[in-house]
4 protein chains.
Amino acid sequence: MSERLNVVVVGAGYWGPNLARNFRASPDWNLAAICDLDIERAQRVADGVGGVPVTASLDEVLADPAVDAIAIATPARTHHPIVLKALDAGKHVIVEKPLADTREKGVEMVERARERGLVLMTDHTFCYTPAVLKIRELIAEGSLGDILFVDSVRINLGLIQPDVDVFWDLAPHDLSILDFVLPGGLDVDTVAAQGADPLKTGKSCVGYLTMPLKNGAMAHVHVNWLSPTKIRQMVIGGTKRTLVWDDLNPQQRLSVYDRGVDLASQSAETADTRASNISYRLGDTWSPALPEREALAGVATEFAAAIREGRPARTSGESGLRVLSVLEAAAASQTIHGAPAPVAGFSKEEISA
Amino acid sequence: MSERLNVVVVGAGYWGPNLARNFRASPDWNLAAICDLDIERAQRVADGVGGVPVTASLDEVLADPAVDAIAIATPARTHHPIVLKALDAGKHVIVEKPLADTREKGVEMVERARERGLVLMTDHTFCYTPAVLKIRELIAEGSLGDILFVDSVRINLGLIQPDVDVFWDLAPHDLSILDFVLPGGLDVDTVAAQGADPLKTGKSCVGYLTMPLKNGAMAHVHVNWLSPTKIRQMVIGGTKRTLVWDDLNPQQRLSVYDRGVDLASQSAETADTRASNISYRLGDTWSPALPEREALAGVATEFAAAIREGRPARTSGESGLRVLSVLEAAAASQTIHGAPAPVAGFSKEEISA
Amino acid sequence: MSERLNVVVVGAGYWGPNLARNFRASPDWNLAAICDLDIERAQRVADGVGGVPVTASLDEVLADPAVDAIAIATPARTHHPIVLKALDAGKHVIVEKPLADTREKGVEMVERARERGLVLMTDHTFCYTPAVLKIRELIAEGSLGDILFVDSVRINLGLIQPDVDVFWDLAPHDLSILDFVLPGGLDVDTVAAQGADPLKTGKSCVGYLTMPLKNGAMAHVHVNWLSPTKIRQMVIGGTKRTLVWDDLNPQQRLSVYDRGVDLASQSAETADTRASNISYRLGDTWSPALPEREALAGVATEFAAAIREGRPARTSGESGLRVLSVLEAAAASQTIHGAPAPVAGFSKEEISA
Amino acid sequence: MSERLNVVVVGAGYWGPNLARNFRASPDWNLAAICDLDIERAQRVADGVGGVPVTASLDEVLADPAVDAIAIATPARTHHPIVLKALDAGKHVIVEKPLADTREKGVEMVERARERGLVLMTDHTFCYTPAVLKIRELIAEGSLGDILFVDSVRINLGLIQPDVDVFWDLAPHDLSILDFVLPGGLDVDTVAAQGADPLKTGKSCVGYLTMPLKNGAMAHVHVNWLSPTKIRQMVIGGTKRTLVWDDLNPQQRLSVYDRGVDLASQSAETADTRASNISYRLGDTWSPALPEREALAGVATEFAAAIREGRPARTSGESGLRVLSVLEAAAASQTIHGAPAPVAGFSKEEISA
């Protein structure tokens, strides 16, 4: 086993303690320090994981050659300067979602990491839950066939946020998961976003995103802060099987249905003959067992592996950027009454352009 | 009790027998005959309800002064000529949904009925189920407060129809219900429709409709032929309470949640102070008992009442026309990639225009 | 294909029309007549299936050498004389459940059929549903391993019957299903029955049956007329897998859980070492697809097959007798405050004894 | 507000930290110390709640006149000597369930507390959950009417315990809840217990308890370690309404059904006329909102209130004794094959007898 990597957690607020606890427990990592301007807050987090040094000085952390990586859990608007500084100091970085508060800043961060040859990972924690890992695996191995549609619902009676609307609050989960499980990632050209603010709070509380995927498929996301019932459900329909993920049903989170519509393909068919070539499958349902595992432990493992193998993390900076791009396009779509808006591209050239 | 009205059922295919059975059982009606070009088919329906005259001649039916009304259960494309003929013969008419296969024809039918002073009713059967009647009542009496959003999901592994797409197949149910329960009916200016045909069947199999309602509210409909699981759920959020209708849960079809977000209204508030005036209600849930009653019996009763009281039926021709108008606008929206398309108006003047 | 067998349905009340319809539709049978003392009632049933002769004379039916079999759907207290008469006339017989209103009469009926070499089948319709057929198949092929426990719940707000208690009303379903699916049938030595009549109706409205099975396993049945919610659920635990049948969940009636407790078996272990040899399996869940098929059609098929192959029907007279034996023992148990009461045996010798 | 009472938590194993945390947070209590023979373990618990003295000496704790009460979270077999010692030292006591490992010891503990005039409380934590508190309130205020039946199911794939069977492991929850919510407490004369050990583990893994209640009502408990699915459900049927508590459905834990059977009561009726006086109610369902509150906080509050008001705690030592009495009677019932066994009484005289 290789030596442990040294990481410093920056930010001791809401999410920092979780990062600290998981890096502390990881066999890949040595939690070298907790850094927060509020040194007392840093101390409380350090005590919670059993005695780790604390510091209020980010510069000191970045100047320490023993530190391999930093994990940033500060407010979104501070991600850009801290990440750039850390990269310039030669540190690998994992950053809380969203990657940044604007796409433009995100692009700069991703490019800087590329230039420096460092790992920039977005902490899309949800992607490392046993359910999402299994979905990714099932799609990758072809169990669902080609993807036909994705329908995601994430609704509940939610806290109306002072600074972000329901799209920025909830949809990053759905978008990062789509980016993680779809074979080509979140590769969409346009997004249509319809939002409603029926309570006149000044921001959308109900929202719908529609994204055409390749080959005629479609992804749709429903986010809602006004629903009295809580639903966390994603349906992914494929040519072979369809998967339903009901995250609030711990006894059967994933169901894989061998049901669907089959279309006999022929070389020279017309729309009419197509109709007669349709058949229906009504096969078994299968619910794979999922291990009990904390998602953040997988985040820590993946961050270390990406660094050691010199490869992008599975939830890379680019991934965070794709999510940002869709969110910004969604905001643009809302200004044109929900007509589709173009999503900025992600390739090296596109990003630079 | 007034005398029974005489009705002839025209069309002995799929839906005709249900109409025949319910008119036969209704204390308001005398089922005078079954009319179908295929006289044997008419006879089978007549036998099923215990000996009713049959005829293959619509002209004969319309010429009979004893016949008060006709109930049309023929294919959609035949509704227009038959309805006009019947109205011209002075008969009240109830017609299977959709009212017609184009909005233009529907307008002509509605105007003809107005000119003749006759009842033209659309058989939106679903509106007469105990659940929908209760929803209408709850909204009308103010139990939900002002409507904030409506989200309707109607998905299942469906037969891919040879002639219509998933919007025309499934959405008329949702649209006619919205028209029935919303205080102002289906009063929408635009609709955005996103459809997908990932199996290349030549028509949309997955579809989403978004319709801004008055006062910033929004209605959304998800219809899908490719879902392995069947869902029939409508959530209607209001300022006071939110209602969830789960039609596949016979033990608790309707749930009324006294949960929601309250916004203290003040005369001179800014977006910032608004945030601080938000509070959350987490009250009881209530599920009203619903009687067991066949919806079509209610249709027969309403048709008779409208005729006797000289008033439009609750699911009038206009109602059918509003549904058609949204469906046509949805088709237009699809041609512009899901951007909102205007919905033709319904008022006397608008229709005539 | 062999020639059709001729059957006469005796009894045109509640269940008779269903039998008539299914025999009429079966390729194995010719529905020769409907017999009921109330000839008008017989005629209505005959009309419903499209013109079949009717008669009020059972003697006439039994005297007709062309009649191969009769299907009896008369009240339970009349089963005994009609069945004996029919067997003595050389007819095969299928009889509505319960086989008889006392075990003693049932024994005589079963013995008579044996002596005459005729098929006596009990119409345990539920056993021919796709779900129960699948359960039987899964157990027979060893998918569940050895049976450890069966827990069946059949509760709802039920009509309080004038003549029978909740055990006689509901438990025959559970008992006949157990007899059908368990490898050795309903082979129990004792039954303990606890009933309650808290409304003082004069008969038990809430009841529990406990039956030790072979090898330390146990079966338990909960029947209840006073439950506001309806539950139809049977759990069958095995050493390999456990099956849950939820009959009110049409989207997933059967679930087979590869979860359980494994006990490493060793030759010379003590209770203490056993504890340390326990491990837990948390495997996948699987829900087999079930065909849509009417159970009574399967009843008609099985009756014909048993006659043609000269073998007992899968729900034989003996099966009906085993159900009766448990019900009578349950009644005895109630008189001794729920202490276990012996169940009369079923073997040839036992029956004769 | 009165001064805080001083409590010492004895036992720093599984449950001790929870007690410590809740006493620490309670405005009624001062957590004076943590006591455990393993002083390091005590220290860890003390650290977890922010610096509380520790000690390995129970004698020292009991000798301290400032200590008002002790909270015991040690193994069941040690409850008897520790509780007696504490009572003899004049301390109020709360003790983890079960009260003791035999009824005889429990009787001595309850009597000693009475003699000393001290509070002896059993920590039946479940009784202080919002759901159970609400159930108690609904029954007390008459919302359910007279109780007709109670059916409790507590099953899951459970750890097979080395020292206790499934009855002693799981049923104390159901029994203590029954004691808490039923108007007369757990006042039963007999219990019938059927257990099965189909895996030959040396103790019952599947068990059923049946207890006749007053006035013909009945309580039944199903506990099971071998069920692949987890169920926590209690149905309490009453003459007016029936309550269903589904503890695994956080969105609707309690449902109160206004459905049931009504029996018109007449002075001189016979069983026959009774049948004709039955009617059915199919009213609304109501699900009360429940606050989010940790049960143990309520335990701490109740313990303080009982001490200050000089009254028995709502889950008193007697309550723990009633649970023990049923468990011992259940064990006796199992030795006589599930026939009902008498439950030892609880009144002052009965206990002394």
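Of everything in the range A:287-299, what is surrounded by fewer than 24 Cβ atoms within 10 Å (Cβ to Cβ) and in contact (Cβ under 8 Å) with a residue 40 or more places away in the chain? Give them in sequence order.
Listed by number, the residues that qualify are A:PRO288, A:LEU290, A:PRO291, A:GLU292, A:ARG293, A:GLU294, A:ALA295, A:LEU296, A:ALA297, A:GLY298.
Among (1) on the phi < 0 side of the Ramachandran plot; (2) more than 18 Å from the chain's Cα centre (by Cα); (3) in a loop (DSSP other than H, G, I, E, B), there is one condition B:LEU62 misses while meeting the rest; what is its number?
(3)
For the range A:181-200, enumerate the residues that are within 24 Å of A:PRO342 (Cβ to Cβ), among the aliphatic types (A, V, I, L, M) and facing chain B (nearest Cβ under 8 Å).
Result: A:ALA192, A:ALA196.
Which of the residues spanning the range C:178-210 are in contact with a Ser or Thr (Cβ under 8 Å, 6 or more places away or on another chain), of a type outside the set (D, E, K, R), closer than 21 Å to C:ALA140 by Cα and not in a loop (DSSP other than H, G, I, E, B)?
Hits for the range C:178-210 are C:LEU178, C:PHE180.
Just give me the residues in the range B:301-337 being of a type in the set (Lys, Arg), surrounded by 16 or more Cβ atoms within 10 Å (Cβ to Cβ) and not in a helix (DSSP H, G or I), in sequence order.
Once the filter is applied, which keeps residues that are of a type in the set (Lys, Arg), surrounded by 16 or more Cβ atoms within 10 Å (Cβ to Cβ) and not in a helix (DSSP H, G or I), the range B:301-337 yields only B:ARG314.
Of everything in the range A:141-176, what is hydrophobic (A, V, I, L, M, F, W, C), at pLDDT 95 or above and in contact with a Pro (Cβ under 7 Å, 6 or more places away or on another chain)? Give them in sequence order.
If the condition is that a residue be hydrophobic (A, V, I, L, M, F, W, C), at pLDDT 95 or above and in contact with a Pro (Cβ under 7 Å, 6 or more places away or on another chain), then A:LEU148, A:PHE149 are the ones that fit.
Among the residues that make up the range D:26-35, is at least one of them under 30 Å from the mean Cα position of the chain (by Cα), hydroxyl-bearing (Ser, Thr, Tyr), over 18 Å from D:GLU302 (Cα atoms) and surrounded by 16 or more Cβ atoms within 10 Å (Cβ to Cβ)?
no
For the condition under 21 Å from B:GLU115 (Cβ atoms), outside any helix (DSSP H, G or I) and in contact (Cβ under 8 Å) with a residue 24 or more places away in the chain, what is the one hit in B:VAL9, B:VAL93, B:VAL83?
Numbers: B:VAL9 fails: under 21 Å from B:GLU115 (Cβ atoms); B:VAL83 fails: outside any helix (DSSP H, G or I).
Checking each option against the conditions leaves just B:VAL93.
What number of residues in the range D:158-213 are on the phi > 0 side of the Ramachandran plot and within 21 Å of the chain's Cα centre (by Cα)?
At the first step, the residues of the range D:158-213 found to be on the phi > 0 side of the Ramachandran plot are D:185, D:200, D:202.
Keeping just the survivors that are within 21 Å of the chain's Cα centre (by Cα) gives D:185.
Within the range D:158-213, residues that are on the phi > 0 side of the Ramachandran plot and within 21 Å of the chain's Cα centre (by Cα) number 1.
Take the residues in the range D:36-54 that are touching a residue at least 24 places away in the same chain (Cβ under 8 Å) and surrounded by fewer than 21 Cβ atoms within 10 Å (Cβ to Cβ); name whichever of them is nearest to D:THR301 (Cα to Cα).
D:VAL49
Would you check if B:ASP189 is in contact (Cβ under 8 Å) with a residue 24 or more places away in the chain and touching a Lys or Arg at 6+ places or on another chain (Cβ under 6 Å)?
no
What number of residues in the range B:22-33 are in contact (Cβ under 8 Å) with a residue 40 or more places away in the chain and assigned to a helix (DSSP H, G or I)?
Of the residues in the range B:22-33, 3 are in contact (Cβ under 8 Å) with a residue 40 or more places away in the chain and assigned to a helix (DSSP H, G or I).
Take the residues in the range C:126-180 that are of a type in the set (S, T, N, Q) and touching a helix residue (DSSP H, G or I) at 6+ places or on another chain (Cβ under 7 Å); name whichever of them is farthest from the other protein chains (Cβ to nearest Cβ).
C:SER176
It is to be established whether one or more residues within the range C:76-89 are of a type outside the set (Ser, Thr, Tyr) and at pLDDT below 95.
Yes, the range C:76-89 contains at least one residue that is of a type outside the set (Ser, Thr, Tyr) and at pLDDT below 95.
Considering only the range A:156-169, how many residues are surrounded by 23 or more Cβ atoms within 10 Å (Cβ to Cβ) and not in a loop (DSSP other than H, G, I, E, B)?
So the count comes out to 2.
Please name all residue pairs, on different chains or six or more residues apart, with Cβ atoms under 9 Å, provided the first residue is in the range B:335-353 and is on the phi > 0 side of the Ramachandran plot and the second residue is in a loop (DSSP other than H, G, I, E, B) and modelled with pLDDT of 50 or more.
Filtered contacts from the range B:335-353: B:HIS337/A:ALA339; B:HIS337/A:PRO340; B:GLY338/A:GLY338; B:GLY338/A:ALA339; B:GLY338/A:PRO340.
What residue, among those in the range B:201-219 that are more than 19 Å from B:ILE336 (Cα to Cα) and within 9 Å of chain A (Cβ to nearest Cβ), is surrounded by the most Cβ atoms within 10 Å (Cβ to Cβ)?
Selected residue: B:MET218.
Of the residues in the range C:220-263, how many are among the hydrophobic types (A, V, I, L, M, F, W, C), more than 8 Å from every other protein chain (Cβ to nearest Cβ) and outside any strand (DSSP E or B)? Please lay out each step first, then the result.
Within the range C:220-263, the subset among the hydrophobic types (A, V, I, L, M, F, W, C) is C:221, C:223, C:225-226, C:231, C:234-236, C:243-245, C:248, C:254, C:256, C:261, C:263.
Of the ones still in play, those that are also more than 8 Å from every other protein chain (Cβ to nearest Cβ) are C:221, C:223, C:231, C:234, C:236, C:243, C:245, C:248, C:254, C:256.
From what's left, outside any strand (DSSP E or B): C:248.
Residues meeting the conditions: 1.
State whether the residues of the range A:109-118 include one that is in contact (Cβ under 8 Å) with a residue 60 or more places away in the chain, part of a helix (DSSP H, G or I) and within 14 Å of another protein chain (Cβ to nearest Cβ).
No; the residues of the range A:109-118 include none that is in contact (Cβ under 8 Å) with a residue 60 or more places away in the chain, part of a helix (DSSP H, G or I) and within 14 Å of another protein chain (Cβ to nearest Cβ).
Report yes if D:LEU321 is outside the structural domain of D:PRO27 (by TED's automatic domain parsing), touching a strand residue (DSSP E or B) at 6+ places or on another chain (Cβ under 7 Å), at pLDDT 95 or above and closer than 30 Å to D:PRO27 by Cα, otherwise no. Walk me through it before giving the result.
Working: outside the structural domain of D:PRO27 (by TED's automatic domain parsing): yes; touching a strand residue (DSSP E or B) at 6+ places or on another chain (Cβ under 7 Å): no; at pLDDT 95 or above: yes; closer than 30 Å to D:PRO27 by Cα: yes.
So D:LEU321 fails the test.
Please find, among A:VAL67, A:VAL8, A:VAL45, the residue that is modelled with pLDDT under 95, of a type in the set (Val, Ile, Thr) and touching a helix residue (DSSP H, G or I) at 6+ places or on another chain (Cβ under 8 Å).
Of the residues listed, the single one that is modelled with pLDDT under 95, of a type in the set (Val, Ile, Thr) and touching a helix residue (DSSP H, G or I) at 6+ places or on another chain (Cβ under 8 Å) is A:VAL45.
Taking C:VAL206 as meeting all but one of (1) within 18 Å of C:GLY320 (Cα to Cα); (2) hydrophobic (A, V, I, L, M, F, W, C); (3) touching a Phe, Trp or Tyr at 6+ places or on another chain (Cβ under 6 Å), write down the number of the exception.
Answer for C:VAL206: the failing condition is (1).
The values are calculated or read from the model by the stated rules, or taken from the named source; none is laboratory data. Quick caveat, the model's predicted, so the values are computed rather than measured. In this analysis, Cβ positions are derived from the backbone assuming ideal geometry, glycine residues included, and neighbour counts consider all displayed protein chains.
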